[in-house]
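Trainee: What follows is a single structure, and I will ask about it in a moment.
The values are calculated or read from the model by the stated rules, or taken from the named source; none is laboratory data. Since we're looking at a predicted model, the values are computed, not measured. Reconstructed Cβ throughout: ideal geometry from the backbone, glycine too, with neighbour counts over all protein chains shown. The area values use the complete protein model at the heavy-atom level, side chains included, leaving out ligands, DNA and RNA. Shrake-Rupley method; radii C 1.70, N 1.55, O 1.52, S 1.80 Å.
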Amino acid sequence: MAKPVAERHSIFAAILRGVVVRKTVMVCVLAVVAYLAVWWAFSGTEPAPAAPASLFLTDYSRAVKGNCVKFDGPGEDDLGLTVVDCGGAKAALKVGAVLGDTNGRCPRGEYKVLRDTRHNAALCLLPNAARGDCFELDAEDLQSSAVSKFDCAAPRANVQVVDVIRGSCPEAAELGVPYEEMTLCLRRVR
């Protein structure tokens, strides 16, 4: 005996719904797998964008410890700083600490301190020094000293970096300038 039409339609509808649901789930799973495959194939292959060659810095609170900077005026003043490549000839100073308060204190060491009252921040700057570098600076009063990196034959260079180490300086160094994470060992050249 034949099944009534309504019963045949409900069985057919249930089968059709099951097939449609399975196909929908299958399509969704395949879409996710395809997305993940494309993401995996293209992630990590692009090099990270290079930092800009220089970045003008007027808000000192946005500086990053380890950045090298140069002054943007004829002297060392609050006209602003430019973040530069630490390997460049103009990179005489490095950010040793960024303070979130203009009244904050730098870590242990002789820092050149710049205060940004507009953004309530301060920078603790130290020489960007490596063994053999020569500077014009007053190691006894870095705060009021101009800090410039020079070729060692230049007449303005007055100190040379003997070493940058943790701990005590070797005998070849006449001056040791301690910082939180290192000691700058210097000798006078003039």
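Trainee: Answer yes if at least one residue in the range 136-147 is open to solvent by less than 40 Å² (accessible area, probe 1.4 Å) and assigned to a strand (DSSP E or B), and no otherwise. Even if it seems obvious, please write down each step before you answer.
Mentor: Residues of the range 136-147 open to solvent by less than 40 Å² (accessible area, probe 1.4 Å): 137, 139, 142, 145, 147.
If we keep only those that are assigned to a strand (DSSP E or B) too, we end up with none.
So far as the range 136-147 goes, no, none of its residues is open to solvent by less than 40 Å² (accessible area, probe 1.4 Å) and assigned to a strand (DSSP E or B).
Trainee: Return only the number of the condition from (1) of a type outside the set (Phe, Trp, Tyr); (2) open to solvent by 20 Å² or more (accessible area, probe 1.4 Å); (3) in contact with a strand residue (DSSP E or B) (Cβ under 7 Å, 6 or more places away or on another chain) that Leu184 does not satisfy.
Mentor: Of the numbered conditions (1) of a type outside the set (Phe, Trp, Tyr); (2) open to solvent by 20 Å² or more (accessible area, probe 1.4 Å); (3) in contact with a strand residue (DSSP E or B) (Cβ under 7 Å, 6 or more places away or on another chain), the odd one out for Leu184 is (2).
Trainee: Hey, any hits in the range 157-177 for a residue that's part of a loop (DSSP other than H, G, I, E, B), touching a Phe, Trp or Tyr at 6+ places or on another chain (Cβ under 6 Å), more than 15 Å from Lys65 (Cβ to Cβ) and open to solvent by 50 Å² or more (accessible area, probe 1.4 Å)? Give the steps one after another, and end with the answer.
Mentor: Step one: list which residues in the range 157-177 are part of a loop (DSSP other than H, G, I, E, B), which gives 157-158, 166-174.
Now narrow it down to the ones that are touching a Phe, Trp or Tyr at 6+ places or on another chain (Cβ under 6 Å): 157.
Adding the requirement that they be more than 15 Å from Lys65 (Cβ to Cβ) leaves 157.
With the extra rule that they be open to solvent by 50 Å² or more (accessible area, probe 1.4 Å), the set shrinks to none.
No.
Trainee: Scan Asp151, Asp163 and give me the residue that is over 30 Å from Val98 (Cβ atoms) and either among the acidic types (Asp, Glu) or in contact with a His (Cβ under 7 Å, 6 or more places away or on another chain) (or both).
Mentor: None of the others qualify; the one that does is Asp151.
Trainee: Need the failing condition index for Ala92 against (1) within 18 Å of the chain's Cα centre (by Cα); (2) surrounded by fewer than 15 Cβ atoms within 10 Å (Cβ to Cβ); (3) modelled with pLDDT under 90; (4) closer than 23 Å to Cys185 by Cβ, just the number.
Mentor: Every listed condition holds for Ala92 apart from (2).
Trainee: Do we have Ser144 as of a type in the set (Ser, Thr, Tyr) and modelled with pLDDT under 85 here?
Mentor: Numbers: of a type in the set (Ser, Thr, Tyr): yes; modelled with pLDDT under 85: yes.
For Ser144, the condition - of a type in the set (Ser, Thr, Tyr) and modelled with pLDDT under 85 - is met.
Trainee: Shifting gears a bit: Being assigned to a loop (DSSP other than H, G, I, E, B) and aromatic (Phe, Trp, Tyr) is the filter here, so list the residues in the range 109-135 that pass it.
Mentor: Selection gives Tyr111 alone.
Trainee: Restricting the range 95-135 to residues that are of a type in the set (Val, Ile, Thr) and free of Cβ contacts under 8 Å to residues at least 24 places away in the same chain, which is least open to solvent (accessible area, probe 1.4 Å)?
Mentor: Thr102
Trainee: I've got another one for you. Which one of the conditions (1) in contact with a strand residue (DSSP E or B) (Cβ under 8 Å, 6 or more places away or on another chain); (2) under 29 Å from Arg190 (Cβ atoms) does Ala97 fail to meet, given that it meets all the rest?
Mentor: Looking at each condition in turn, Ala97 falls short on (2).
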